[in-house]
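For reference, the structure is listed below as structure tokens.
The values are calculated or read from the model by the stated rules, or taken from the named source; none is laboratory data. Everything numeric here is computed off the predicted structure, so don't read it as measured data. Please note: Cβ atoms are built from the backbone with ideal geometry, for glycine as well, and neighbour counts cover all protein chains shown.
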Amino acid sequence: MRAQILLNVMIAFLWMLLIDADAPRLSTFFAGYIVGMMIIFMLHRFFGSAFYLKRLISCIKLLFTFISELVKSSILVLKQILSPKLKIQPGIFRYETILESDIEITMISLLLTLTPGSVVMEVMPEGNVLYVHAMDVEKERGAIISQLKNYEKAITEVTRS
């Protein structure tokens, strides 16, 4: 992926140098970048990896998934905090993940910890079991598991594509 991005930037820079006679322009660089993307797309099978734009789009999807889950979780926590009586049942539950590598486990742990109302307390040495503390286990367990499933899907798109 890094080689493809670097090659695309080099193609865009060369395009800008060859097209602009008087002074380099940013618009010519972007045009060269698009031309470079088309060239790399046609030749990406020779790199031995997928086209880098696919992974970049997956990263953007992961970011939007995180923002979406952050907003949903924040609204749930805000409702609980602003209620007249605090009726929460904090607790811990076990979750088995489909993620395998250390970076995937770290990503899901950090993403879940950054959303309000839950935190990953421990990751088992095998790496596929997370112990999650929730602010209200009774009401939010399903929502947290849904969050984890969404994160797993987005993370696997980024790391395994």
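Scanning the stretch 18-47 for residues that are over 30 Å from I155 (Cα atoms), aliphatic (A, V, I, L, M) and either in contact (Cβ under 8 Å) with a residue 12 or more places away in the chain or surrounded by 12 or more Cβ atoms within 10 Å (Cβ to Cβ) (or both) gives I19, A31.
The rows are residues; the columns are (1) without any contact (Cβ under 8 Å) to a residue 60 or more places away in the chain; (2) more than 19 Å from the chain's Cα centre (by Cα); (3) over 26 Å from A50 (Cβ atoms).
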| position | (1), (2), (3) |
| --- | --- |
| R94 | yes, yes, yes |
| I103 | yes, no, no |
| I108 | yes, no, no |
| T113 | yes, no, yes |
| E126 | yes, yes, yes |
| H133 | yes, yes, yes |
| D136 | yes, yes, yes |
| L148 | yes, no, no |
| E157 | no, no, no |
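Scan the stretch 47-57 and give yes if some residue there is under 30 Å from K139 (Cβ atoms) and of a type in the set (K, R), otherwise no. Within the stretch 47-57, not a single residue is under 30 Å from K139 (Cβ atoms) and of a type in the set (K, R).
Take A50 and decide whether it is among the aliphatic types (A, V, I, L, M), in a loop (DSSP other than H, G, I, E, B), modelled with pLDDT under 90 and exposed (fewer than 12 other Cβ atoms within 10 Å of the Cβ). Answer is no for this residue.
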